[in-house]
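Single-structure report; data block below.
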Amino acid sequence: MQRVRVSSYQAPVHKLGDSQMTLSPKFRLAATQSSLLDPSIELELSFRGEPLIPGLPDDVALQCLLRVPVDKHATCKAVCKRWYSLFGSKEHFFTRRKELGFHDQWLFVFAHHKCTGKIEWKVLDLTQFSWHTIPAMPCKDKVCPQGFRCTAIPHQGVLFVCGGVASDVDCPLNLVLKYEVCRNRWTVMSKMITARSFFASGIIDGLVYVAGGNSTDMFELNSSEVLDPNKGTWRSVANMGTNMASYDAAVLNGKLLVTEGWFWPFYVVPRGQVYDPATDNWENMATGLREGWTGSSVVIYGHLFVVTEHERTKVKVYDSETDSWCTVEGPPLPEQICKPFCVHCCDNRIYVVGRHLHLAVGHISSLCSRGSSRKSCRFSVQWQVVDAPETLFDLTPSSAQVLFA
C-alpha cells in the first residue's frame, strides 16, 4: 500500500517528499511569491497615505473588506496594491479576520463527482450564501469518499480527515489530515496506529477518537484509538465489545455513541456501542436507541436527533428516559434534498446537504413548558432550502462540517 511519509509528527503539505506518493500538480506551491503578499508592504502603503477605501478610515474600511465573499477575491485583487495585498493571500486575509474577532459559520462539504469519482471540498459561507473551494487534500486520487471520517473543532476552525480506502486496491488507509481555516492549508498529521475505513469518529474534550471500521484484510475491527492534536500523537484505548464497522456516530454527554446501522431489508438487528473516556470503557447501547437510529445524527439542546432515511425523512429525537424515539413536529425534509445526503449541525440548526449540494436548514425549536423535565422536551422543526448553483450539480456529498472563520 502506498503511504505518505511524515518527517515529524506534524509536517506541512509542501514538505511531503515520499516518492511513492503521487500528488496532482495542483498541490505544488509556486517557487516564488509576489512581494505584494508581504504584510509589511501593506503597512508601508498605508504610511504613504494610500487608503484602503477613499473617504473611510482604514479600520472601518478593513471591517468592510474582510466581509467580502471569498469567490469575489480574485476580482478585488485587481483594484489596487493594498487590496492585492489583502486579498492575494488567504492566510493573510483570514489572519486579519481572526485578529478582529470575525466568527462566521461556514459549511464545509466533502463531495465527489458522480461520473469521475474525483473528490473535493466545497465551502458555503452561511452568511453570504456563496460557494468557494479550498485546496485539495494531499491524498491518493482513487479513493472511496464514503470510507473517510471527517470531524472538526468548529470554534478553532480546524477540520480533521482520517482513514479512508484506496478504491483501486480496496485497501484502508491510516492517513490523517488537518485543515486550518486561518491558514487555508492542509497538514499531514501522524498516521493512525491502525489503517481503517468506515469507522466511527468524534471529538471529546479536544481529542479525536476513532473506533471500529474495516481493516486491511476487510475484516471488521474492534480496536479504538485517540489523537491529541496538540501533541500530534495517537494512543490506543480500550477495545470495543465487538468487531463492527460504523454507520453513524455521535458525541452525547461526553460519550462516543457508535451504531452499526440498519441495512435494507432489515434482516438483522443492528449493534451499538457506547464509549466513556472517563472510565476508558465500552458498554452495549440501549436497545431502543440502537434499533431506532435509522439515519444521520446531530446533537442539539443536549438531545440526539436523527434525520431518518427509511421513514419519509422525518426528523426524530431520542428520549433517554423511555429509551424510545419521538417524531419532531413539523414538515418532512424538503423534496429537493435527494439521497444520499449528509447531516451536520450548529447551535439550533440542522444542515442537510443532498445531491447536487442543495442545502436544507432545519431550525429546531424547543416546545418545553416551564417546570417540565429537560429530557422529556418536545421539539419542532421548520425548513429553509438553499439551492446550489448549476456548476455543483455533478457533486454528491459524503460529509459536512460547520467551522467558524
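Read-outs: derived from the displayed coordinates by stated rules, not from any lab. Computed from a predicted model, the values in this text were never measured in an experiment. No Cβ is skipped: glycine too gets one built from the backbone with ideal geometry, and neighbour counts run over all protein chains shown.
Here are the numbers for the structure shown:
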{"quantity": "Segments 338-348, 393-403 sorted - mean Cβ within 10 Å per residue, highest first", "calculated": "393-403, 338-348"}
{"quantity": "Among 206-216, 130-140, 273-283, the order from most to least packed when residues are scored by Cβ within 10 Å on average", "calculated": "206-216, 130-140, 273-283"}
{"quantity": "Distance between the stretch 104-173 and the stretch 186-254 - C-alpha centres, whole angstrom", "calculated": "18 Å"}
{"quantity": "Label-zone membership for the stretch 305-344, site residue 366, 7 angstrom Cα→C-beta point, backbone N under 17 Å", "calculated": "305, 317-321, 328-329"}
{"quantity": "Cleavage-rule hits (GluC sites (Glu not before Pro)) in the stretch 304-405: DSSP loop, at most 12 neighbouring Cβ within 10 angstrom", "calculated": "321, 335"}
{"quantity": "Highest to lowest packing among 179-185, 58-64, scored as the average C-beta count within 10 Å", "calculated": "179-185, 58-64"}
{"quantity": "Restricting the stretch 209-307 to trypsin sites (Lys or Arg not before Pro) in coil, as DSSP defines it, with at most 13 other Cβ within 10 Å", "calculated": "231"}
{"quantity": "Neighbourhood charge, 13 Å Cβ-Cβ cut-off, centred on residue 381 and excluding it, Lys, Arg +1 and Asp, Glu -1", "calculated": "+3"}
